[in-house]
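A.B. asks: Okay, handing you the structure first.
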Amino acid sequence: MTAIDKPLDLGGDPAATTQAVALLRDLAPTGQHVDWRGRVTGPIDLSLLHHLPPPAELEHGPGDGTDAKEAWARSHDFGSCYYRMGPGFLQVKDVRNPSSPTQTVLDDPELIDAFTTCLTPTRVRALQAAALRDLVRRRLLLLVDDLAVTLPYRLTRWPVPFFAI
């Protein structure tokens, strides 16, 4: 089990949000339970994050009629948004929305470069604008003000049974 002691901020400070997402993304494929708490401190589409380990607690502002933590826990499923790399291409499987699953092959060098660069939170000015727009449209990058971070995680081990994802 991995425990994160400090609550993670989501939606407010762009640096804190993108660093929290990158941390959760990198922990997701390890197979370990991740115990963390979060605070929604600004606007964010949490459904983009449902492939990441759900929080044990999630504070959000008044007026939010939905229980975001429970929705996250209900929709979370290992392998719902991941990528694999090949020579000159990336394959991304995204079933965060089960009614419209996608399997995408990125073979454009600019898209691959933007995708891999944003594995570390990156200022948007450092990215090719068309690639950034395309990856955000495909819901593969989270854009928070002037920072972008890659959402899918890379599978580091194949689950057993292999057809589970």
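No lab work stands behind these numbers, since they all come straight from the coordinates. These numbers were taken from a predicted model, which means no experiment stands behind them. A quick note on method: Cβ atoms are made from the backbone with ideal geometry, for glycine too, and the neighbour counts reach across all protein chains shown.
A.B. asks: Give the label of the value calculated from the structure for percent of Cα pairs over 25 Å apart, choosing from [x] 47; [y] 29; [z] 42.
C.D. replies: Looking at percent of Cα pairs over 25 Å apart for this model, the match is [y].
A.B. asks: Which net charge results for the neighbourhood of THR17, defined as the other residues with beta-carbon distances under 13 angstrom from its beta-carbon, given Lys and Arg at +1 and Asp and Glu at -1?
C.D. replies: -3
A.B. asks: Here's another thing I want to ask about it. Sort 53-60, 128-135, 84-91, 69-76 by packing, meaning the average of other beta carbons within 10 Å per residue, with the highest value first.
C.D. replies: So the peptides 53-60, 128-135, 84-91, 69-76, ranked by packing, come out 53-60, 128-135, 69-76, 84-91.
A.B. asks: How large is the charge dipole for the chain, taken about the Cα centre, if only the Cβ atoms of Lys, Arg (+1) and Asp, Glu (-1) carry charge, to the nearest 20 debye?
C.D. replies: I would put it at about 360 debye.
A.B. asks: Let me ask something additional. Looking at the chain, do any whole DSSP H helices span at least 15 angstrom along their long axis by alpha carbon and average -1.0 or above on Kyte-Doolittle, and which?
C.D. replies: 14-27
A.B. asks: Let me ask you something else. When Lys and Arg each count +1 and Asp and Glu each count -1, what net charge do the other residues less than 9 Å away from VAL92, Cβ to Cβ, add up to?
C.D. replies: That works out to +2.
A.B. asks: With r defined as the distance between the Cβ atoms of ARG37 and GLU110 and R0 fixed at 22 Å, what FRET efficiency is calculated, to the nearest 0.05?
C.D. replies: 0.05
A.B. asks: Which Cα, out of CYS118, HIS60, GLN91, lies furthest along the positive dipole direction of the chain (beta carbon charges, K/R +1, D/E -1)?
C.D. replies: Towards the positive end, the residue furthest out is GLN91.
A.B. asks: In nm, to one decimal, how far is the ARG84 label point from the ASP145 one, both placed 7 Å along Cα→Cβ?
C.D. replies: So the label points at ARG84 and ASP145 sit 3.9 nm apart.
A.B. asks: How large is the helix-only mean residue ellipticity at 222 nm for the chain, computed as the sum of -39500 (n - 2.57) over DSSP H runs with n ≥ 4, divided by its residue count, in deg cm²/dmol to the nearest 500?
C.D. replies: So the calculated ellipticity at 222 nm is -7000 deg cm²/dmol.
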